[in-house]
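For reference, the structure discussed in these notes is given below.
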Amino acid sequence: MTCDLTLRDVRSVARIVNLAARFNCRCVHVSANADTLVSARFAFSGNEIALARLRAQIDRIVAYETVVQ
C-alpha cells in the first residue's frame with residue numbers, strides 16, 4: 001500500500017510510522033519534505049486486513065489535521 005499525504009504537522013509522519021508497527025505492518029519506504037506543509041510518501045507491506053486498518057487510521061489523522069486549523 002502506498003500513500004501520498006499532505007500534512008500540517010511533521011510529527012504526524014512519526015505517528016503514522018508508529019501506527020504501522022502497531023498494526024504489524026512494515027514500513028518499506030518513507031520520504032517527507034517539510035515546509036509550511038509536509039508532503040509525505042509512505043509505502044507499507046503487510047496482510048490485507050492490517051493494511052486496511054492502518055489506512056483507516058491514517059485517514060483519521062489526515063481528517064483531524066484538516067479540521068484543526
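Given the options ARG53, ARG15, ARG41, ARG60, name the one that is in a strand (DSSP E or B) and not aromatic (Phe, Trp, Tyr).
ARG41
Looking at ALA21, is it small (Gly, Ala, Ser) and assigned to a strand (DSSP E or B)?
In short, no.
Looking at this structure, is THR36 in contact with a Ser or Thr (Cβ under 7 Å, 6 or more places away or on another chain) and either loosely packed, with under 13 Cβ neighbours inside 10 Å or touching a residue at least 40 places away in the same chain (Cβ under 8 Å) (or both)?
Judged against the criteria, THR36 is not a match.
Looking only at the stretch 1-33, filter to residues that are charged (D, E, K, R) and surrounded by 13 or more Cβ atoms within 10 Å (Cβ to Cβ); which one of those is modelled with the highest pLDDT?
ARG15
Looking at the structure I just gave you, is ARG41 surrounded by 13 or more Cβ atoms within 10 Å (Cβ to Cβ), within 14 Å of ASP4 (Cβ to Cβ), among the charged types (D, E, K, R) and modelled with pLDDT of 90 or more?
Yes; evaluated as a whole, the condition is true for this residue.
The values are calculated or read from the model by the stated rules, or taken from the named source; none is laboratory data. Please read all numbers here as calculations on a predicted model, not as lab measurements. Here the Cβ is made from the backbone with ideal geometry for all residues, glycine too, and neighbour counts use every protein chain on show.
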